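The values are calculated or read from the model by the stated rules, or taken from the named source; none is laboratory data. On a predicted model such as this, the values are computed, not experimentally measured, just so you know. A quick note on method: Cβ atoms are made from the backbone with ideal geometry, for glycine too, and the neighbour counts reach across all protein chains shown.
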Amino acid sequence: MKTNREIEHFVAPVEETPLLATDSLKTDQAPLSLWADAWRKLRRRPLFIISAVMIALIILVALFPGLFTQVEPNNNCQLANSDGAPAGGHPLGFTFQGCDVYARIIHGTQASLMVGVFSVLFVAIIGVTLGAIAGFYGGWIDAVIARLGDIFFALPLVLGALVVSQLPFMRDNRGVWTVVMILVALGWPQMARITRGAVMEVRNADFVTAARSLGVSRIGSLVRHVLPNALAPIIVLATMELGVFIVAEATLSFIGIGLPGSIMSWGNDIAAARSSVRTNPAILLYPAIALSVTVLSFIMLGDALRDALDPKSRQR
Amino acid sequence: MTTDVRISEAGLADKPLLEIRDLAISFKTGSGEVQAVRNAHLTIMPGETVAIVGESGSGKSTTALAAIGLLPGNGRVSGGQILLDGEDISHASEKRMIELRGNTIGMVPQDPMSNLNPVWKIGYQVKETLRANGRPSGPADVAEVLSQAGLPDAERRAKQYPHEFSGGMRQRALIAIGLSCQPRLLIADEPTSALDVTVQRQILDHLETMTSELGTSVLLITHDLGLAAERADKVVVMYRGNVVEAGPSLELLQNPQHPYTQRLVASAPSLASRRIQVAKELGVESDELLAPGGPVVVEPTMTEDVLQIQNLRKVFKLRSGFGKSTDFTAVDDVSFNVKRGTTTAIVGESGSGKSTVAQMVLNLQKPTSGKIVFDGVDTSTLNNKEIFAFRRRVQPIFQDPYGSLDPMYNIFRTIEEPLRTHKVGDKASREKKVRELLDQVALPQSTMQRYPNELSGGQRQRVAIARALALDPEVIICDEAVSALDVLVQAQVLNLLADLQSRLGLTYLFITHDLAVVRQIADHVCVMEKGKLVETGSTDDVFDAPQRDYTKALLHAIPGARLMLPPEVA
C-alpha cells in the first residue's frame with residue numbers, strides 16, 4: 001500500500017561507515033598441503049601431545065616388556081601367593097594362581113594391542129573399500145555388498161566366532177592372527193555401512209561433478225574428493241572399535257576360542273579375574289585400567305586427527 | 001528521525017507502530033562479542049510498508065528477529081530501544097513476547113521448503129497458530145484463513161501435507177499462518193527469494209492486497225533493491241550492521257546519497273538495463289577489478305558456430321509402483337546454435353530443463369535423442385580418450401560456490417587439479433600458471449594457501465572461474481553461476497566474465513533464471529518453458545519485443561523493471 005505520507009530521507013554520515021572493499025582478504029601465509037597443515041595444527045594441540053605420548057609408551061611396553069619388569073609372569077607362579085597383597089617387587093599383588101599382576105599386564109600388552117590395532121586396520125581396509133564402492137557406484141554392486149554385509153552383521157559375535165573357529169585351519173593355529181581374522185570377518189560390515197553412508201552423502205556434491213567435468217576419472221574422484229570428505233565418521237568409528245575389539249578378544253578367550261592360555265593378554269586376565277571379583281577386585285581392576293587407558297589414548301588421537309583434518313576448524 | 005505526531009490525510013493521529021531507536025545487537029562467539037547491528041533506527045507507521053535492503057550479513061534479518069524477540073541464543077540486544085506502540089519490547093519478558101507474537105506481530109519466514117513441519121498437515125499447522133492466540137480454530141476457520149491467502153479449494157488442501165504443495169503454495173500457506181491472527185505488523189523475511197519470478201509476483205501482489213485490506217504494516221526484508229522499491233513506501237538500506245540510508249523508495253533509488261547505496265543501485269541487475277560490454281565501449285567505468293596490464297583484445301570471429309544443439313531430447317524414467325515407470329520429458333526438441341566468442345543465455349524457471357541441457361552439453365548426461373555438435377564433431381560419438389580431450393575445451397562454472405569447491409582442497413590444489421589431471425607441464429610451471437590465473441580473476445596470490453571455507457562467496461566463485469580457465473577452454477558453461485551471490489559481488493563477477501571474454505575470446509553458455517542478469521551479459525537468449533524452447537533471438541529483440549506470452553510474463557515479473565530511473569544509472 002503506497003501512502004502519500006511524507007517520509008524523511010535519511011543518509012548516514014559517510015565517515016561513520018567506511019566502505020571496505022566487498023572482498024577483502026587476510027593475506028598471511030599458511031602451509032601448502034592438507035597433511036602438512038594438519039601436522040602443524042596437531043603439534044600444538046595438548047590433546048594430541050598427550051595421546052601421542054601415551055600411545056608411544058604403550059607401543060614401547062608392547063615391544064620391549066623386559067624394560068618394564070624383570071619378573072617372570074607365567075612360569076614362576078606360586079600358589080602360596082594366591083590373591084596376595086602387593087609386596088616388594090610385586091607392586092600390584094598376585095592373581096588367584098599366584099602370578100604377579102603387574103608383570104602379567106606388561107607382558108599382556110603385546111597381544112592385546114596387536115589384536116586391537118590389526119583388527120581395526122584390516123576392518124578399515126576391507127570395510128572402507130567395500131563401503132566406498134557400494135556407496136559410490138550404487139545399483140546392483142551396492143545391493144550385493146549390502147546384502148553380503150547384512151549376512152555377517154546378523155551373526156552374533158560369539159556364535160559366529162564359534163562357527164569360524166571350528167574350521168580346521170583356525171583350530172590348529174589358534175593365536176593372535178586367528179583372533180584378528182575372526183574379528184575382521186565379523187566386524188567389517190559396520191565399517192562398510194558407515195563408509196557407504198558418508199560416501200553417498202558426498203558423492204553428489206557439486207565439487208565431485210566439477211572434478212568429473214575437469215576430466216578426473218570416476219575412481220579418481222572417489223579417491224581424491226569423496227573419501228577425504230567422508231573421513232570424519234570413519235576415524236571416529238575406527239578409534240571406538242579399537243577398544244571394542246580388545247574387549248571382544250577377552251570374550252572369545254573367555255569361552256575358550258580366543259587366545260590360548262599360553263599367550264598373556266588383558267582379555268585373558270580380565271576373564272580369569274572373574275572368580276575373585278568379590279574377594280580381590282583389584283585383580284580385575286588393573287588389567288581393566290590398562291585397557292581403558294589404551295582405548296582412551298586412541299580415541300583422543302582420533303579426535304585430534306579428525307579436528308586437524310577438518311578445514312572448517314581452521315582458525316587464526 | 002521524526003517521532004512527532006503528524007496528521008495523515010485520513011485525518012487520524014498517527015503514531016509509529018514500530019520504532020527502532022539506536023538498536024545495537026551483539027553475538028557471543030568463540031572469539032568474544034561481535035557487534036552485528038549498530039545504531040539501527042527505523043520507523044513503521046500503521047499501514048505502511050517498509051523494506052530493509054542489504055546483502056547477506058548486513059544485519060537486516062537480525063534486526064527483524066530482534067523486533068519479534070527471536071534472536072538466536074547467543075545474540076542479545078546490547079543497546080537502544082524497540083518501541084511497539086510506545087512500549088519498549090527490546091528486553092520484554094518471554095511471556096509478554098508470546099502474547100505479542102502472532103496477535104500483534106506476525107512473521108513470514110524465508111524458506112518455504114523448510115519452514116513447514118513435514119509431519120503435520122497444513123490445516124493442523126494453521127490451527128496451531130489460531131489456537132495459540134486464542135482464536136476460533138474449527139475446520140471452517142482454518143479453511144477461511146487458507147482461502148484468504150489465495151489457496152484454492154482450501155478445505156481439501158488443509159488435509160494435505162507440505163510435500164504435496166508446490167513452493168508457491170507453501171509460501172501462501174506460510175503467509176496464511178503469518179496473517180491468520182490479523183497482526184498489526186507483519187515481518188516478511190525474504191518471502192519470495194526461493195521462488196520463480198512469476199510466482200514471486202503473484203505472491204507479492206497477493207500479500208499487498210491482503211495487508212492493505214487489513215491495514216497491516218509490513219516490514220519487508222529483501223536483498224533485491226528493485227523489489228523493495230516497487231513494493232515499499234520506504235526503503236532502509238543496511239550495510240555491515242549500520243543503517244546507511246533511509247528514505248522514500250523512489251527518491252532513494254533516483255537520488256542515492258550514500259556511496260554504498262549508489263553502488264547498490266548501480267549494480268542491481270534488475271535496474272541496470274545495458275549490456276556490460278556495451279557500457280564499457282561507451283566509456284562507462286564499469287569495474288575497478290581489471291588486472292594490471294593493458295587488456296589484450298582478441299577479435300571474436302562472430303561467424304562460426306562452435307556449438308550446435310539439434311533436436312535435443314532427454315527423457316527420464318520415473319518409477320511409479322511395481323516395475324512400472326512413466327516417462328518424463330525434461331528436454332523436448334531443443335535446437336539452437338552458439339557462435340564463437342559470444343554469450344548465449346538459456347532462461348527458464350525451475351523445472352524448465354535448462355540445467356539438463358547444460359549437463360548434456362558438458363557430456364555428463366547422455367541425450368535420449370538429438371545431437372550436440374561441438375566444433376563440427378558430434379559429442380555422443382566420442383570415445384573415452386576423446387571425451388578427456390573434449391573436457392579440456394569445454395569447462396563448467398557451477399551455481400553454488402559453497403558446493404563446487406572441495407572443502408578439503410586448498411585453493412592452489414583446487415586450481416592445479418585440472419592441470420595435473422591433464423598432465424600439463426611440471427610442478428613449477430603449474431604453480432606459475434596458478435599464479436597467473438589468480439591474477440586474471442583478481443585474487444591475491446596469497447589466496448593459494450587458503451581453504452574454500454575461509455573465502456567469501458564472491459572469492460570462491462572467482463576460484464571456480466580460475467579453475468575453469470586453467471586449461472584454456474574455448475567454451476564455458478555457467479550454470480546459474482551468479483545466482484547465489486549478493487548484488488555487488490554478482491556485478492563484480494559478471495564484469496570479470498565479460499572482461500575475460502573480450503580478452504580471451506571465450507564463448508559462454510549462460511544458464512540462469514534471472515532475466516535481469518541475461519540483459520547484462522548475453523548476446524542471444526533462449527527462453528525455455530517445461531522442456532521446450534519457446535523463444536530465441538538476440539537479447540535486445542527478446543527484451544524489447546517479446547513474441548510469446550510466457551516471455552512477456554517473465555519480463556513483466558522482473559521486480560523494479562518499470563521503475564523510473566535517472567539516466568546516469570540506467
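Here are some notes:
- Residue-level check: of (1) assigned to a loop (DSSP other than H, G, I, E, B); (2) within 14 Å of chain A (Cβ to nearest Cβ); (3) crowded, with 16+ Cβ neighbours inside 10 Å; (4) not polar (S, T, N, Q), B:Met360 misses just (1).
- Long-range neighbours under 9 Å by Cβ, at least six apart or interchain, first residue within 30 Å of A:His107 (Cα to Cα) within segment A:291-313, second of a type in the set (D, E, K, R) and not in a helix (DSSP H, G or I): A:Ala304/A:Arg45
- Residue in segment A:196-207 that is surrounded by fewer than 20 Cβ atoms within 10 Å (Cβ to Cβ) and away from chain B (no Cβ under 14 Å) present: yes
- Pairs meeting the criteria (first residue in segment B:375-386 and surrounded by 12 or more Cβ atoms within 10 Å (Cβ to Cβ), second residue assigned to a helix (DSSP H, G or I) and not aliphatic (A, V, I, L, M), beta carbons under 7 Å, at least 6 apart or on different chains) are B:Thr379/B:Phe390; B:Leu382/B:Phe390.
- The requirement of being under 30 Å from B:Leu455 (Cα atoms) and among the acidic types (Asp, Glu) is fulfilled nowhere in segment A:262-278; no residue meets it.
- Subset tally (residues that are within 16 Å of B:Ser58 (Cα to Cα), buried (at least 24 other Cβ atoms within 10 Å of the Cβ) and within 11 Å of chain A (Cβ to nearest Cβ)) for segment B:210-240: 5
- In segment B:525-557, the residues that are surrounded by fewer than 22 Cβ atoms within 10 Å (Cβ to Cβ) and touching a residue at least 24 places away in the same chain (Cβ under 8 Å): B:Glu529, B:Lys530, B:Lys532, B:Thr536, B:Thr539, B:Phe543, B:Thr551, B:Ala553, B:Leu555, B:His556, B:Ala557
- Any hit, segment A:110-128, residues being more than 23 Å from A:Thr178 (Cα to Cα) and either in contact (Cβ under 8 Å) with a residue 24 or more places away in the chain or of a type in the set (Gly, Ala, Ser) (or both): no
- Scanning segment B:360-389 for residues that are of a type in the set (Gly, Ala, Ser) and within 19 Å of A:Ala211 (Cα to Cα) yields one hit, B:Ala389.
- One residue stands out among those in segment B:463-495 that are more than 14 Å from B:Gln395 (Cα to Cα) and either touching an Asp or Glu at 6+ places or on another chain (Cβ under 6 Å) or basic (Lys, Arg) (or both): the one that is surrounded by the fewest Cβ atoms within 10 Å (Cβ to Cβ), which is B:Ala484.
- Residue in segment B:395-403 that is more than 27 Å from B:Arg503 (Cβ to Cβ) and surrounded by fewer than 22 Cβ atoms within 10 Å (Cβ to Cβ) present: yes
- Identity of the residue in segment B:62-78, crowded, with 20+ Cβ neighbours inside 10 Å and part of a loop (DSSP other than H, G, I, E, B), that ends up farthest from the other protein chains (Cβ to nearest Cβ): B:Gly69
- For A:Gly243, the test of being surrounded by fewer than 22 Cβ atoms within 10 Å (Cβ to Cβ), more than 10 Å from every other protein chain (Cβ to nearest Cβ), closer than 19 Å to A:Ser165 by Cα and of a type outside the set (Phe, Trp, Tyr) is failed.
- Residue count, segment B:104-141 (criterion: over 25 Å from B:Glu190 (Cβ atoms) and among the hydroxyl-bearing types (Ser, Thr, Tyr)): 2
- For the residues B:Asp479, B:Asp544, B:Asp499, the requirement of being charged (D, E, K, R) and either in contact with a Lys or Arg (Cβ under 7 Å, 6 or more places away or on another chain) or within 25 Å of B:Glu230 (Cα to Cα) (or both) singles out B:Asp544.
- Looking only at segment B:374-400, and only at residues there that are part of a loop (DSSP other than H, G, I, E, B) and at the interface with chain A (Cβ under 9 Å from one of its Cβ atoms), the one that is modelled with the highest pLDDT: B:Phe398
- Hits in segment B:454-483 (condition: outside any helix (DSSP H, G or I) and either within 17 Å of the chain's Cα centre (by Cα) or within 23 Å of A:Asp310 (Cβ to Cβ) (or both)): B:Leu455, B:Ser456, B:Cys478, B:Asp479, B:Glu480, B:Ala481, B:Val482, B:Ser483
- Scanning segment A:54-113 for residues that are in a strand (DSSP E or B) and among the aliphatic types (A, V, I, L, M) yields one hit, A:Ala87.
- Boolean, A:Ala132 is surrounded by 15 or more Cβ atoms within 10 Å (Cβ to Cβ) and either within 14 Å of chain B (Cβ to nearest Cβ) or free of Cβ contacts under 8 Å to residues at least 12 places away in the same chain (or both): no
- Every condition in (1) surrounded by 19 or more Cβ atoms within 10 Å (Cβ to Cβ); (2) at the interface with chain A (Cβ under 8 Å from one of its Cβ atoms) holds for B:Ala345 except the one numbered (2).
- Residue list for segment B:39-53, filter: facing chain A (nearest Cβ under 8 Å), more than 20 Å from B:Asp22 (Cβ to Cβ) and either free of Cβ contacts under 8 Å to residues at least 40 places away in the same chain or not in a strand (DSSP E or B) (or both): B:Gly47, B:Glu48
- All told, A:Thr178 meets the bar of being touching a helix residue (DSSP H, G or I) at 6+ places or on another chain (Cβ under 9 Å), modelled with pLDDT of 85 or more and either under 20 Å from A:Leu121 (Cβ atoms) or more than 10 Å from chain B (Cβ to nearest Cβ) (or both).
- Scope segment B:38-61; condition within 23 Å of the chain's Cα centre (by Cα) and either surrounded by 23 or more Cβ atoms within 10 Å (Cβ to Cβ) or at positive phi (or both); matching residues: B:Thr49, B:Val50, B:Ala51, B:Ile52, B:Val53, B:Gly54, B:Gly57, B:Ser58, B:Gly59, B:Lys60
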